[in-house]
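The values are calculated or read from the model by the stated rules, or taken from the named source; none is laboratory data. No experiment lies behind these values; they were computed from the predicted model shown. Don't worry about glycine lacking a Cβ; one is built from the backbone with ideal geometry, like all the others, and counts go over all protein chains shown.
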C-alpha cells in the first residue's frame, strides 16, 4: 500500500509528463518546444527520485536539464529567429505521423496490459525489498573490475567524450 | 490503491509515441533532435522501472541508464555541431534542403 501523498504526487507528475511531451512535438515555435522538453526531463528526474534512485535523478537534472538544454537553446538561437513559426504540416505528413504513433501506442499498451509479469507489487514493497543504493556502492560499481562492476565501459565513455569534444570542435569551427 | 509497475510504464509509452510522431512530422533538424531526445528518455525511464520492480536488489538498470545519459550528451553535442555546420553552408536547418551533405 502506497501513501496517499505519493499517489497524488505521482498523478501530478505523470499528467505533466504526458501533456508536455505531446506539446513538445505539436507546438509550432521551436523555442517553446525546447522549454516543454525541459519540463518532460524534469518530471522524468522526479520519477527517478520517487523510484529511489537519488543519484540518477541528480545526474538527469545536471546533464540533461543543465547541459543538453543549454546546447539546444543556443543552437536554436544561432540558427533561427525565435519568433519564427514552423510551417503547417502537410496533410500527408500529418496522416503518416498520427497513424504511426497511434499504431505503436495501441500495440505497446496492448502488450503492457496483457503481460502478467507487470501487474505486480506496489512501489513501497519493492523499495523495502531492495537495499538502499549508497553513493559508495555506485562508486565501487563504476571503477571495479569484478562481476557487476563497470571499469571498462566507464573508460570507454571517457574516450568517447574526448573524441566527441574533438569532433565537435572540428566539425563546427569556422573555415 | 497501489503504484504498480504499469503506472510508471504508461506515461513512458506515451512519451515514446509522442517522440515518434515528432520525428516523422518535423522538418527542422533541431526539432527532430528534440523528438529523438524524448524517445531516448522514455527508454532510459523503462530501464530504471524494470530495475526497481523486477530486480530490486541489483542496480544494473541504473548503471545502464547512467551510461546511456552520458552517451546521449555526446551524441547531442556532435549532432548540434553538424547542424550548425549545415546552417553555415546552406542557410537554414530544413531537412529537405540538405539533400546532399557535400557543400
Would you check if there is a residue in region A:151-168 being facing another protein chain (nearest Cβ under 7 Å) and exposed (fewer than 13 other Cβ atoms within 10 Å of the Cβ)? no
For region A:81-102, which positions are surrounded by fewer than 16 Cβ atoms within 10 Å (Cβ to Cβ), at the interface with chain B (Cβ under 9 Å from one of its Cβ atoms) and part of a helix (DSSP H, G or I)? A:93, A:94, A:96, A:98, A:102
Which condition from (1) surrounded by 12 or more Cβ atoms within 10 Å (Cβ to Cβ); (2) over 28 Å from residue A:7 (Cα atoms); (3) without any contact (Cβ under 8 Å) to a residue 60 or more places away in the chain; (4) facing chain B (nearest Cβ under 9 Å) is the one that residue A:144 breaks? (4)
Quick one: count up the residues across region A:157-174 that are over 22 Å from the mean Cα position of the chain (by Cα) and in a helix (DSSP H, G or I). 11
With outside any helix (DSSP H, G or I), at the interface with another protein chain (Cβ under 9 Å from one of its Cβ atoms), in contact with a helix residue (DSSP H, G or I) (Cβ under 9 Å, 6 or more places away or on another chain) and surrounded by 15 or more Cβ atoms within 10 Å (Cβ to Cβ) as the only criterion, which of A:138, A:127, A:133 stands out? A:133
Can we say residue A:78 is surrounded by 14 or more Cβ atoms within 10 Å (Cβ to Cβ), part of a helix (DSSP H, G or I) and modelled with pLDDT under 90? yes
Only one of A:73, A:40 is in a helix (DSSP H, G or I) and at the interface with chain B (Cβ under 9 Å from one of its Cβ atoms). Can you tell me which? A:40
Going by the structure shown, is residue A:105 over 17 Å from residue B:2 (Cα atoms), part of a helix (DSSP H, G or I) and either under 21 Å from the mean Cα position of the chain (by Cα) or in contact (Cβ under 8 Å) with a residue 40 or more places away in the chain (or both)? yes
Exactly one condition in (1) modelled with pLDDT of 90 or more; (2) more than 7 Å from chain A (Cβ to nearest Cβ) is not met by residue B:41; state its number. (2)
For region A:112-123, name all the residues that are in a helix (DSSP H, G or I) and under 19 Å from residue B:61 (Cβ atoms). A:112, A:117, A:118, A:123
